[in-house]
Amino acid sequence: MKKNTIFRRLLFFFILHCLTYIYSQNKIFRYDLEYKPNPLKDSIALEKTILDVKDHISIFRSEREKKSDSLTALTGFGLGRKMRFEDQFYTKKNLSENEVFKSIQTVFSDIFFIRINDKLNWEILPEKSKIANFEVQKAKVTYGGRNWTAWFTVEIPIQDGPYIFHGLPGLIVKISDDRNDYNFSLTEIKNGTVTIYYRNKGSELTWEQFQTLAANHYSDPFVRIKSMGVPVKKDDGAGHAVSMNIKEESERLKKIIRENNNPVELNHRVGYK
């Protein structure tokens with residue numbers, strides 16, 4: 001009886017040590033994000049994304065955004081920004097505090113964040129399967145006006161996943177919505193570096209303020225450039241800088257934004273006209 005008690009205690013401390021080790025390490029989880037910018041078309045966009053997890057803090061972003069964050073931290077200059085807010089999937093989570101923030105950055109490097117207060121009421125289902133080498137279990141949740149199906153594995157006891165998704169008993173290996181507009185799939189796991197560089201917090205926006213920001217950006221995408229009164233040039237596709245017709249470029253960009261308006265959060269979709 002005494003031996004069994006000692007064994008259980010040793011097992012408990014061994015598991016505790018393993019979990020502490022896992023959370024103290026910077027783990028990198030790579031996901032392929034396939035999504036439809038335009039829900040009326042079959043064309044699929046592929047974004048290579050990364051989830052960095054260390055000390056209960058996780059950062060989800062594209063590979064390009066991670067590289068840009070590192071460059072900004074080391075040199076003060078990052079990479080170019082996306083013109084469409086609907087294509088930005090940058091999030092930060094504090095897993096110990098259950099805080100989730102969605103980060104938005106303009107082409108002029110203004111940074112804003114939206115606090116995600118939606119509670120993820122997961123329904124864990126009995127169905128199990130296998131994805132790659134992982135034993136996975138099915139779960140469902142509603143978020144952003146979409147119904148999502150996730151597959152998670154308790155073999156990796158990190159209650160996290162891509163984008164805003166978290167809170168299951170293990171890592172989310174795959175998650176997609178029932179419209180098949182968004183599909184996140186785990187592709188690689190590796191150890192990371194000691195330091196994780198990520199964006200500063202920026203200014204907080206409500207969803208209503210974000211919609212106003214997006215609508216203003218759409219109405220005149222180059223308003224700040226025009227206010228500077230400086231000549232504007234663009235690449236002609238052959239590596240040469242040529243003068244840009246701001247009015248024509250503005251109408252072209254507005255058409256792209258209008259026709260590719262399929263955000264993750266359908267319930268906060270901006271009605272571009």
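The values are calculated or read from the model by the stated rules, or taken from the named source; none is laboratory data. Everything numeric here is computed off the predicted structure, so don't read it as measured data. Quick reminder, even Gly has a Cβ in these numbers, built from the backbone with ideal geometry, and neighbours come from all protein chains shown. Only protein heavy atoms, including side chains, enter the accessible area calculation; ligands, DNA and RNA are left aside. Shrake-Rupley method; radii C 1.70, N 1.55, O 1.52, S 1.80 Å.
Compare the Cα positions of VAL107, ILE196, ASN216 along the charge dipole of the chain (+1 at Cβ of Lys, Arg; -1 at Cβ of Asp, Glu; about the Cα centre) and return the one farthest towards the positive end.
ILE196
So if I place +1 on the C-beta of Lys and Arg and -1 on the C-beta of Asp and Glu, and nothing else carries charge, what would the dipole magnitude of the chain be about its Cα centre? I want it in debye, nearest 20.
For the chain, the charge dipole is close to 480 debye.
Rounded to whole Hz and in sequence order, give me ³J(HN,Hα) for the stretch 53-59 from the Karplus expression 6.51 cos²θ - 1.76 cosθ + 1.60, θ = phi - 60°, writing x for Gly and Pro.
Going residue by residue, I get 10, 7, 6, 6, 9, 10, 10 Hz, with x marking Gly and Pro.
Take the chain, connect every pair of alpha-carbon atoms lying under 10 Å apart with a spring to form a Gaussian network, then pick out the residue of ASP160, ASP87, ASP220 with the largest mean-square fluctuation.
Result for the chain, Cα springs under 10 Å: ASP220 fluctuates most.
As a test of the formula, what do you get for the chain when each DSSP H run with n ≥ 4 contributes -39,500 (n - 2.57) and the sum is divided by the residue count, at 222 nm and rounded to the nearest 500 deg cm²/dmol?
Computed ellipticity for the chain at 222 nm equals -8000 deg cm²/dmol.
On the accessible surface of the chain, probed at 1.4 Å, how many percent belong to carbon and sulfur atoms?
53 percent
Taking Cα pairs under 8 Å and at least six residues apart, what relative contact order does the chain come out at, in percent?
Once divided by the residue count of the chain, the mean separation gives 19 percent.
Quick one: dipole size for the stretch 149-273, taken about the Cα centre, charges +1 on Lys/Arg Cβ and -1 on Asp/Glu Cβ, in debye to the nearest 20.
The calculation lands at about 500 debye.
As an exercise, use a Förster radius of 30 Å and the Cβ-Cβ distance of ASN216 and LYS67 to find the FRET efficiency, rounded to the nearest 0.05.
In this case the efficiency is close to 0.55.
Below 8 Å, C-alpha to C-alpha, sequence gap of six or more: please give me the relative contact order for the stretch 43-154 in percent.
Working: 169 pairs, mean separation 15.9, N = 112.
Contact order relative to length: 14 percent.
Set the Förster radius R0 to 25 Å, insert the Cβ-Cβ distance between ARG179 and ALA45 as r into 1/(1 + (r/R0)^6), and round the FRET efficiency to 0.05. Can you show the working numbers first?
Values: r = 15 Å, r/R0 = 0.60.
After rounding to 0.05, the efficiency reads 0.95.
So which lysines pass the test for LYS140, namely a Cα distance under 19 Å, with those fewer than 8 places away in the same chain ruled out?
Excluding near neighbours in sequence, the set is LYS119, LYS128, LYS130, LYS174.
Between the stretch 191-226 and the stretch 124-180, what's the alpha-carbon centroid distance in Å?
Using only Cα atoms to place each centre, the spacing works out to 28 Å.
Averaged per residue, what accessible area in Å² does the stretch 39-193 show with a 1.4 Å probe, protein chains only?
Result: 47 Å² per residue.
Using a Gaussian network model of the chain with C-alpha springs under 10 Å, which one of GLY161, GLY76, GLY144 is most mobile by mean-square fluctuation?
Maximum among the listed residues: GLY76.
Expressed in nm to one decimal, what extension gain is obtained for the pair PHE108 and PHE77 from 0.36 nm per residue of sequence separation less their Cα-Cα distance?
The PHE108-PHE77 span can extend by a further 10.0 nm.
Can you pull the one-decimal nm distance between simple spin-label points at ASN94 and LEU125, each 7 Å off the Cα toward Cβ?
The answer from the label model is 3.5 nm.
Can you give the alpha-carbon Rg of the chain over 2.2 N^0.38 Å, where N counts its residues?
After normalising by residue count via 2.2 N^0.38 Å, the value is 1.16.
Points 7 angstrom from Cα along the Cβ direction at LYS190 and ARG224: gap in nanometres?
In this crude spin-label approximation the distance works out to 3.4 nm.
Could you run the Debye sum over the Cα atoms of the stretch 57-168, one equal point scatterer each and no solvent, and tell me log10 of I(q)/I(0) at q = 0.12, 0.15, 0.22, 0.23 Å⁻¹, two decimals?
-0.53, -0.77, -1.24, -1.30
How large is the translational diffusion coefficient of the stretch 119-249 in µm² per second when you combine the Kirkwood radius over alpha carbon pairs with Stokes-Einstein at 37 °C and 0.692 mPa s? Don't skip to the answer; put the middle values down first.
On the way: Rh = 19.1 Å.
So the translational diffusion coefficient is about 172 µm²/s.
Order the peptides 52-59, 111-118 from the highest to the lowest mean number of other Cβ atoms within 10 Å of their residues.
52-59, 111-118
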